[in-house]
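Reviewing the structure listed below.
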Amino acid sequence: MTDTERIKAVGLRTGGLVVGVAAASAFNEFVPEGHRPEDILLGAQSVVVAGSKGPTAGAWQCPDHRLMEITGYDFRENVAVHVMCDYIENTFGYQAIQAPSLPTAGHTPPMSMMLAAVLAGLGTRSLAANIILHPDYGLLYYAALITTMPLTPDHPIETAVCPSPPCVEMYRKLGTTPCLAACPASEGGCLDGDIDADGQIAYSYYDRERCTSRSMNFGIGTVQKSLVQIITEDDPEQRRAMIYSDFFTQSLSSLGFYKESVAQCFECMRVCPVGRVHRRLK
């Protein structure tokens with residue numbers, strides 16, 4: 001095995017369902033200074049990306065949406081990245097660091113995990129909010145590491161995963177796709193798009209602010225908003241009720257465990273045919 005293959009094998013054993021590699025310099029064409037791997041780790045040569053499943057196949061079928069909020073196997077990819085970082089530093093003597101992916105202001109993270117997954121050959125963008133779809137597994141959660149170690153990069157996928165053949169057929173008959181029909185912008189939803197005669201995405205639209213306000217119902221933002229309302233409430237009984245409310249309790253819980261605040265809406269992915277075979281069990 002090559003050194004690159006050995007590192008990938010470690011990631012696959014420790015939580016990654018898929019692992020890919022991109023050259024650090026490949027990011028320069030797409031992102032501005034300050035958001036490139038070399039801006040985070042001086043001398044960066046490679047980016048290793050791990051992807052894993054989120055909710056289980058059973059969770060996708062649960063009619064109670066709350067189950068998707070509080071359960072799931074997401075963040076196993078972060079474990080894989082941490083182990084690979086240690087492996088690179090202890091075995092090969094190169095520096096490695098987990099790539100920062102959580103936004104510190106607004107919705108813009110220091111580094112894009114979506115772009116990292118694309119450049120590492122793990123998927124392509126979709127009509128559904130630009131979510132990266134793996135050709136076999138569909139929706140995955142991604143984490144990455146940056147290292148000064150030169151590794152053999154993978155090639156980005158040449159054939160777009162989205163739209164899939166069933167979606168193209170549906171679009172030609174009905175003028176929409178499963179994800180677009182689940183959340184149409186024309187009816188107050190978040191998504192819109194067109195597919196050209198070659199079966200490729202010709203146009204896509206995603207209302208991020210609308211989606212965020214509906215799907216990210218618990219987390220840092222809701223705690224901040226609640227605190228402002230609580231400390232400005234003059235009625236002590238009302239203030240106490242707000243503090244002990246289910247909403248504020250779940251918001252605090254989402255901060256403590258964080259996985260609860262990733263998203264509370266999966267409708268566009270619930271109907272996506274890509275990777276559905278892995279969600280159909282006995």
Quickly run through the stretch 207-228 and pick out the residues that are open to solvent by 70 Å² or more (accessible area, probe 1.4 Å) and either closer than 18 Å to ALA160 by Cα or of a type outside the set (Asp, Glu) (or both). ARG208, ARG210, SER213, ARG214, MET216, ILE220, GLN224, LYS225, LEU227, VAL228
Considering only the stretch 154-166, I want to know if a residue exists there that is out of contact with any Lys or Arg (no Cβ under 9 Å at 6 or more places or on another chain), surrounded by 21 or more Cβ atoms within 10 Å (Cβ to Cβ), not assigned by the TED database to the domain that holds LEU42 and not aliphatic (A, V, I, L, M). yes
Between CYS183, CYS190, CYS179, which is touching a Gly at 6+ places or on another chain (Cβ under 8 Å) and hydrophobic (A, V, I, L, M, F, W, C)? CYS183
So, in the stretch 191-200, of the ones that are surrounded by fewer than 17 Cβ atoms within 10 Å (Cβ to Cβ) and not polar (S, T, N, Q), which residue ends up nearest to PHE266 (Cα to Cα)? ASP194
Of all residues making up the stretch 42-58, the number that are surrounded by 19 or more Cβ atoms within 10 Å (Cβ to Cβ) and either out of contact with any Pro (no Cβ under 9 Å at 6 or more places or on another chain) or under 23 Å from ARG76 (Cβ atoms) (or both): 10
Pair list, Cβ under 9 Å, 6 or more apart: the stretch 210-239 residue farther than 16 Å from CYS265 by Cα, other residue open to solvent by 90 Å² or more (accessible area, probe 1.4 Å) and of a type in the set (Ser, Thr, Tyr): none
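The values are calculated or read from the model by the stated rules, or taken from the named source; none is laboratory data. All of these numbers come straight from a predicted model, not from anything done at the bench. A quick note on method: Cβ atoms are made from the backbone with ideal geometry, for glycine too, and the neighbour counts reach across all protein chains shown. Just so you know, the surface numbers come from the protein's heavy atoms only, side chains and all, with ligands and any DNA or RNA stripped out. Shrake-Rupley method; radii C 1.70, N 1.55, O 1.52, S 1.80 Å.
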